[in-house]
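Nothing in this text is a laboratory measurement; each read-out follows from the coordinates by a stated rule. Here the structure is a predicted model, which is why all the values come from computation and not from measurement. In this analysis, Cβ positions are derived from the backbone assuming ideal geometry, glycine residues included, and neighbour counts consider all displayed protein chains.
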Amino acid sequence: MAYKAFSDEWAQAYKDEINNSAVYKQAAANWEGVVALIVEAEPEKNFPETKGVWMDLWHGEARDIKIVDEGQADKADFVIRGPYSRWKQVAQKELDSTKAMMQGKLKLRGDLPTIVRYTKASQEMTECTTRVPVEYPDEVPA
Amino acid sequence: MYPDGDEEASAIATMLAGLITANIEQHPERWKDFHKLSGTSVSIEVPDIEESLTLTFAGDDLVVRNGKQGRPAVSIKADSDVVMALNLVKTGPLGMPNYFDEAGRNVVKALVSGKLKIGGMWRVDTLNRVTRLFSVA
């Protein structure tokens, strides 16, 4: 079963994937803090509304992952922002998220040293997204 | 941190300069390294994202320029994943970078395999200071 991208059901499946990952558990063993991904609207891609993915991550565990509005997402300790199509590229492993930040394709706000320290955990989180079957709005037949 | 003239600093230049700034805020003892590097330039070339930058230490300031500028004392050339790996090198006893743990060994492997090229390696003192300023470990 494929989940609609960035829907509540997708967020739950993503959380389960993270919590099933031994690699993530080890790489993020000391992580504390909320990370939010802001997925900017691209109406021409059938993604009309900006959404936030709120990820409450604590010592190798995803305590909560939910879809929130942009204003709420902006309050997280770490915020990574980019247009829908960029996030789709990241989720499909066509674009490395760290490289995307270095190129300015994704914008990061938060304590940089902390983010850099957990590069491996962030890479595993991307791996987890690839294991969640997704239905992308720009691929849904009209 | 200042971009060069009217040109806007690239994302990686902003990121690396931000990293040094945050590191110094969190470890004020690293100001000593920062000041000792005054007048020194370090260039970083990242071929996989087709970006390069030059950092020049100037008293309390860090001047960031896009591209390789002038004659840097140390020049680093590596893909983005290796540049990130460099930031994970820990500082060991006597302030020397620790190349014996996993993060350190990854950097040594990159050097041996040619994935990391460092010009000016003989300037050990400068290189160690730069490593300490970049280290988030």
Self-check item: Listed residue pairs exceeding 20 Å between alpha carbons, taken from A:Lys45/A:Lys66; A:Lys4/A:Lys45; A:Lys15/A:Lys93; A:Lys107/B:Lys109
Solution: A:Lys45/A:Lys66; A:Lys107/B:Lys109
Practice problem: Would you mind calculating the relative contact order of chain A from Cα pairs under 8 angstrom and at least 6 residues apart, reporting the percent as a whole number? | Solution: 31
Quiz item: Residue separation times 0.36 nm, minus the C-alpha to C-alpha distance between A:Lys120 and A:Ser7: what's the value?
Solution: 38.1 nm
Exercise. Counting only DSSP beta bridges with both residues in the protein assembly as shown, tell me the antiparallel percent, nearest 5.
Key: 75
Practice problem: Please find the FRET efficiency linking B:Asp101 to B:Thr21, where r is the Cβ-Cβ separation and R0 is fixed at 22 Å, and quote it to the nearest 0.05. | Solution: 0.30
Quiz item: Can you give the % of DSSP beta bridges in chain A that are antiparallel, to the nearest 5?
Solution: 70
Quiz item: Of B:Ser75, A:Ser122, how do they rank once you tally other Cβ atoms within 10 Å and put the fewest first?
Solution: B:Ser75, A:Ser122
Exercise. Take every DSSP beta bridge with both residues inside the range B:1-115 and express the antiparallel ones as a percent of the total, to the nearest 5.
Key: 70
